[in-house]
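Read through the structure below, which is laid out as structure tokens, and then see the notes.
The values are calculated or read from the model by the stated rules, or taken from the named source; none is laboratory data. None of the values given here were measured: they were computed from a predicted structure. With ideal geometry, Cβ positions are generated from the backbone for all residues, glycine too; neighbour counts draw on all protein chains shown.
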Amino acid sequence: MFLALLAPAVCGSSSAALAQSASSYQRSCGQIGVAGSTLFANCRRIDGSFNRTSIAIPGIENIDGVLRFNGMDEPSSFQNSCARIGVAGSTLFADCRRIDGSFHRTSIAIPGIANIDGVLRHQ
């Protein structure tokens, strides 16, 4: 009985349920910002120079005023119902609309983005 209850949770996991690697770009990029669901930064290249780069933030949505991750292969939709969107390091924050129309300040770690020789890439 114990195995029968555990099996669906282990075998039936979706990409949203799988652990994602933490972003590492913030260690070698500066002037990090966000516009809608696009992350941008000045990132260090191997030769020491900097490159202005940007990338779409994957799979973050607003669920009743809370930012949630729903998978690396999904487009983000939080920008459609959130305001005052910002980023600090690898943390995305915003005021997101709840079902009742009020707004809630929320944040989430941005998953799976790295600086690869001055270019932001999904890991």
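Numerical summary
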quantity: Segment 44-60 - residue that is in a loop (DSSP other than H, G, I, E, B) and at negative phi and, of those, farthest from the chain's Cα centre (by Cα); calculated: Asp47
quantity: Count - residues of segment 45-64 that are surrounded by 14 or more Cβ atoms within 10 Å (Cβ to Cβ), farther than 16 Å from Ser90 by Cβ and of a type outside the set (S, T, N, Q); calculated: 4
quantity: Meets criteria (assigned to a strand (DSSP E or B), modelled with pLDDT of 95 or more and either in contact with a Cys (Cβ under 7 Å, 6 or more places away or on another chain) or under 14 Å from Leu39 (Cβ atoms) (or both)) for Ala94; calculated: yes
